[in-house]
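K.L.:
Submitted below is the structure of interest, expressed as structure tokens.
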Amino acid sequence: MNKIITTLFAFISLVSIGQTTRKDVLKSIDDKFDFYASTAQKIWGFAEVGFQEEKSSALLQSVLEEAGFKIEKGVAGMPTAFVATYGQGKPVIGILGEYDALPGVSQEAVPELKPIVGQKAGHACGHHLFGVASAASAIAVKNWLIANKKQGTIRFYGTPAEEGGSGKVYLVRAGLFSDVDAVINWHPDANNSAGMGASLANKSGKFRFYGVASHAAASPERGRSALDGVEAMNDMVNMMREHVPQETRIHYVITRGGEAPNVVPAFAEAYYYVRHPKTQDVKSIWERVVKAAQGAALGTETRMEYEITGGVYNMMPNEPLAKLMDSNLREVGGYTYTEKEKQFAEKIQTSFTGTFPKLESTNEIAPFKLEEPNGSTDVADISWVVPTTGLSTTTWVPGTAAHSWQAVASGGTSIGSKGMIVAAKTMALTAIDLYNSPLVIEQAWKELKKKRGENFVYEALVGDRKPALDYRK
């Protein structure tokens, strides 16, 4: 299989693509650099969190609608989700776009810590770039289909609330990928890579404890502290860490702990994530976390209820698609800093600890390999029902950690825009290759079916609940 695919890639790279060549496709994206950069910066300024991305979603919809796409709004019970479609027939190629920001990381586009006054969120994961690059690639592919009189469908999925809201899970559950042949996507990062991406399965939820308020000094015996329930739960979960598989990650924050020290808290809440490389292990570990919460409520004489806010599978890497994406990333290549960008990057790097890559790595492509899982993404659920692949490009100063003020700052500059265009070009070429290469799609499906097993039936970790539209409120 690998020999066939390698030969096919070599052939694709040597020939023109009908009436519009690969070079034409890349130039069409470069020619609109300023427009796409400006669009991304508008979304960067909106900085809307999960399921509240009204302006961001509307802007992307307008860009795609003006380019000739048919828009279906508010899909799968999510007001800010949408599907933009052009063309007809097979193959159907899906491109994913995200646009939600993260709370608590407001930051100006400057190389020192400087929150934006009055703004609580920021694009610390670069999703403003994510959505625009994906739209740019979809538009370039649509124009290629027209110019070359090709049959096929290009479909852009506007996917909200990736950060903890599991937006794509509801799209999968609603069957919106049932006719798709392959899905491609990307993510902002501090390096250029198109290896076989991996991720951790993740289940999240909010545990709410209800007690009895009372004067904490005059009549504490009449109160039952909801905060005691939260703290008892946290203590038990922390002891449990010794007795779970070592790859497990459990995180929590106390979102509500009471209003005043002299009032026994009648309500308290903890927000939990459980992660593991395997979906089944996440399910079993989550059940133990729930038991800890139940025990905490029993021991503190409080009442507990919990709400599942999100849940995603582990990523299913797909070698045929990943190798095609890697080949195209190497064709597109990276980029070089201007002197002004270099000065910005050098200043940002003074805020890092430890070692970090040289600035010239923006021009390098990482070796192709199976990545180690670390974070979680709702793209993973799609990868279990449709062959899926992605890439990352250097939209942040090398050495930058995701979910940091440094990531917000870089994403608000031309550094982020340059990396975004690399991603748009790579995805466009990959989609075009798939229209020309039914063999790659066939091999991708063969691998997916083998990995997930003959009896696989998709069951969302969020169960049958409706999207948690208020999880950021």
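K.L.:
Using a/c under 1.5 as the rounded threshold, could you call the range 201-312 rounded, prolate or oblate? The axes a ≥ b ≥ c are square roots of the C-alpha gyration tensor eigenvalues, and prolate needs a/b larger than b/c, oblate otherwise.
P.N.:
Cα axes put the range 201-312 in the prolate bin.
K.L.:
Follow-up question, since we're still on this one. For the chain, take the longest principal axis of its alpha carbons; what is the angle in degrees between that and the long axis of helix 2-14, to the nearest 10 within 0 to 90?
P.N.:
Its long axis makes an angle of about 60 degrees.
K.L.:
Applying 1/(1 + (r/R0)^6) with R0 = 51 Å to the Cβ-Cβ distance of residue 457 and residue 119, what FRET efficiency is obtained, to the nearest 0.05?
P.N.:
0.70
K.L.:
Contour minus end-to-end for residue 294 and residue 90, with contour as 0.36 nm per residue of separation and end-to-end as the Cα-Cα distance?
P.N.:
Roughly 68.4 nm would be gained on extension.
K.L.:
Another question, then. Could you work out how far helix 127-147 tilts from the main Cα principal axis of the chain, as a 0 to 90 degree angle to the nearest 10?
P.N.:
The helix 127-147 is inclined about 30 degrees to the chain.
K.L.:
Note the full-extension length gain between residue 235 and residue 174 as 0.36 nm times their separation in residues minus their Cα-Cα distance, in nm to one decimal.
P.N.:
In short, 18.1 nm is gained.
K.L.:
Within the range 167-186, find all residues whose amide N lies under 12 Å from a label point positioned 7 Å from the Cα of residue 307 along Cα-to-beta-carbon.
P.N.:
Label zone hits: none.
K.L.:
Given the options 463, 416, 437, identify the residue whose Cα lies farthest towards the positive end of the charge dipole of the range 412-473 (+1 on Cβ of Lys, Arg; -1 on Cβ of Asp, Glu).
P.N.:
Value computed over the given set: 416.
K.L.:
Counting other C-beta atoms within 10 Å, which of 403, 243, 187 has the fewest, and how do the rest follow?
P.N.:
Result, fewest neighbours first: 243, 403, 187.
K.L.:
For residue 174, which sequence-distant residues (separation of 5 or more, or a different chain) have an amide H within less than 5 Å of its own amide H, given hydrogens modelled in the peptide plane?
P.N.:
none
K.L.:
Could I have the simple spin-label model distance between residue 23 and residue 55, label points 7 Å from Cα toward Cβ, reported in nm to one decimal?
P.N.:
4.2 nm
K.L.:
Can you tell me the FRET efficiency between residue 465 and residue 34 if r is taken as the Cβ-Cβ distance and R0 is 41 Å, rounded to the nearest 0.05?
P.N.:
0.45
K.L.:
Given Cα pairs under 8 Å that are at least 6 residues apart, what percent is the relative contact order of the chain?
P.N.:
It rounds to 23 percent for the chain.
K.L.:
Which value at 222 nm does the chain reach when only helices count, each DSSP H run of 4 or more adding -39,500 (n - 2.57), with the total divided by all residues and rounded to the nearest 500 deg cm²/dmol?
P.N.:
Roughly -13000 deg cm²/dmol at 222 nm, from the helical runs in the chain.
K.L.:
Let me ask another. Run down the aspartates and glutamates and flag those whose C-alpha is under 15 Å from the C-alpha of residue 466, throwing out any fewer than 8 positions away in its chain.
P.N.:
307
K.L.:
Relative to the longest principal Cα axis of the chain, at what angle does helix 22-31 sit, 0 to 90 degrees, rounded to 10?
P.N.:
Between helix and principal axis, roughly 60 degrees.
Bear in mind these aren't lab numbers, they're just calculated from the coordinates by the rules spelled out. None of the values given here were measured: they were computed from a predicted structure. Counting neighbours? That spans all protein chains shown, and the Cβs are built from the backbone with ideal geometry, glycine included.
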